[in-house]
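The values are calculated or read from the model by the stated rules, or taken from the named source; none is laboratory data. Not measured: the values here are computed from a predicted model. Cβ placement follows ideal geometry from the backbone for every residue including glycine, while neighbour counts extend to all protein chains displayed.
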């Protein structure tokens, strides 16, 4: 079995989520490779050493290039700020290392495309962090759609809403960079990926992006002009002709994790919310009129790979478990047993859709993807 030594860049929220995912995946799944947490890099030696001790790495550094240049490391895991993704990924690819990068792949579609081409030309395995798609309930929903249980699909409605920017006092950050920033790129990308997972390629969009809070303070209290969107609404059409809408909103007061979709068809409908990620709600048009209503389908060992985490239905899996599933799927790709579940090319496509929506909003017109 191949040993894969991992070098992690960045130890914030997503860095920790990736570490938990690696730890869980190696125990829950019969992986075709052995992942080892070898070295971690952060902005300072003190931060890196603290993360090294807390997260179980063997070594630490304040220079991410140490990871790329180390011959023992074969997988670079990037959870650094978005603007650093391209430089780190291209250096890793040039060194012949596989790359696991958090989304968005890059601040711009142009950069994401350059990264994609470099990885494909070097025959490097890549993965972009869209772990919501690995939920067993998502696989069930897709199966039901493809089996015709909803009949002819009429429409789609998706939303990703959180409230971490709802306060005008929330400080300016890398998420507010004019290139690649905003609610649409940050969380709307998840809603777009989910929509295409369920119903196939999006072919045209009409977007409206709006800045709600035009100025925000930095850590020193200096005010900065904000040019990115706080909320975006998109009308879209899929290649199948199905129409739908998507909302991305990081000023949704009271919402901490609303990643929802609703799909309506001639025979039935589905509803899902990430706030209750172990449930799928199904309306069956065949029910008698005095028994109609959405019924809850509860995640259980019948929905693989839920059973590998817990043998009991209704006991639930969580966000970090979805990371573990994502990592397990990537392990299969590294071993050559399957295609990458969501590679750089897929990540580039999402960034391209985001930028097309932004252009559509500026032009107040429909645009083709």
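Yes or no: region 117-138 includes at least one residue that is buried (at least 18 other Cβ atoms within 10 Å of the Cβ), in contact (Cβ under 8 Å) with a residue 40 or more places away in the chain and out of contact with any helix residue (DSSP H, G or I) (no Cβ under 8 Å at 6 or more places or on another chain). Yes, region 117-138 contains at least one residue that is buried (at least 18 other Cβ atoms within 10 Å of the Cβ), in contact (Cβ under 8 Å) with a residue 40 or more places away in the chain and out of contact with any helix residue (DSSP H, G or I) (no Cβ under 8 Å at 6 or more places or on another chain). Look through region 265-300, keep the residues that are part of a loop (DSSP other than H, G, I, E, B) and under 24 Å from the mean Cα position of the chain (by Cα), and return whichever of them is farthest from residue 187 (Cα to Cα). Taking the candidates together, the pick is 300. The sole residue among 143, 169 that is free of Cβ contacts under 8 Å to residues at least 24 places away in the same chain and either over 20 Å from residue 341 (Cβ atoms) or outside any strand (DSSP E or B) (or both) is 143. Considering 320, 343, the condition of being at pLDDT 95 or above and out of contact with any strand residue (DSSP E or B) (no Cβ under 8 Å at 6 or more places or on another chain) is satisfied by 320 alone. One residue alone among 336, 318 is without any contact (Cβ under 8 Å) to a residue 12 or more places away in the chain and either within 23 Å of the chain's Cα centre (by Cα) or surrounded by fewer than 19 Cβ atoms within 10 Å (Cβ to Cβ) (or both), and that residue is 336.
Is it the case that region 81-93 has a residue that's assigned to a loop (DSSP other than H, G, I, E, B) and at pLDDT below 95? For region 81-93, residues assigned to a loop (DSSP other than H, G, I, E, B) and at pLDDT below 95: present.
Being surrounded by 18 or more Cβ atoms within 10 Å (Cβ to Cβ) and either farther than 21 Å from residue 261 by Cα or at pLDDT below 95 (or both) is the filter here, so list the residues in region 188-229 that pass it. Matches in region 188-229: 216, 226, 228, 229. Hey, any hits in region 127-134 for a residue that's under 26 Å from residue 241 (Cα atoms), part of a loop (DSSP other than H, G, I, E, B) and within 17 Å of the chain's Cα centre (by Cα)? Scanning region 127-134, I find at least one residue that is under 26 Å from residue 241 (Cα atoms), part of a loop (DSSP other than H, G, I, E, B) and within 17 Å of the chain's Cα centre (by Cα), so the answer is yes. When region 2-43 is limited to residues that are in a loop (DSSP other than H, G, I, E, B) and either without any contact (Cβ under 8 Å) to a residue 24 or more places away in the chain or not assigned by TED's automatic domain parsing to the domain that holds residue 57 (or both), the one that is surrounded by the fewest Cβ atoms within 10 Å (Cβ to Cβ) turns out to be 30.
Considering only region 349-360, I want to know if a residue exists there that is surrounded by fewer than 15 Cβ atoms within 10 Å (Cβ to Cβ) and not in a helix (DSSP H, G or I). Among the residues of region 349-360, not one is surrounded by fewer than 15 Cβ atoms within 10 Å (Cβ to Cβ) and not in a helix (DSSP H, G or I), which makes the answer no. Filter region 97-112 for residues that are farther than 15 Å from residue 127 by Cα and either in contact with a helix residue (DSSP H, G or I) (Cβ under 6 Å, 6 or more places away or on another chain) or in a loop (DSSP other than H, G, I, E, B) (or both) and give the result. Listed by number, the residues that qualify are 107, 108, 109, 111.
Yes or no, residue by residue, for (1) without any contact (Cβ under 8 Å) to a residue 12 or more places away in the chain; (2) within 18 Å of residue 355 (Cβ to Cβ); (3) in a strand (DSSP E or B):
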site: 180; (1), (2), (3): no, yes, no
site: 207; (1), (2), (3): no, yes, yes
site: 219; (1), (2), (3): no, no, no
site: 232; (1), (2), (3): no, yes, yes
site: 241; (1), (2), (3): yes, no, no
site: 248; (1), (2), (3): no, yes, yes
site: 252; (1), (2), (3): no, no, no
site: 260; (1), (2), (3): no, no, yes
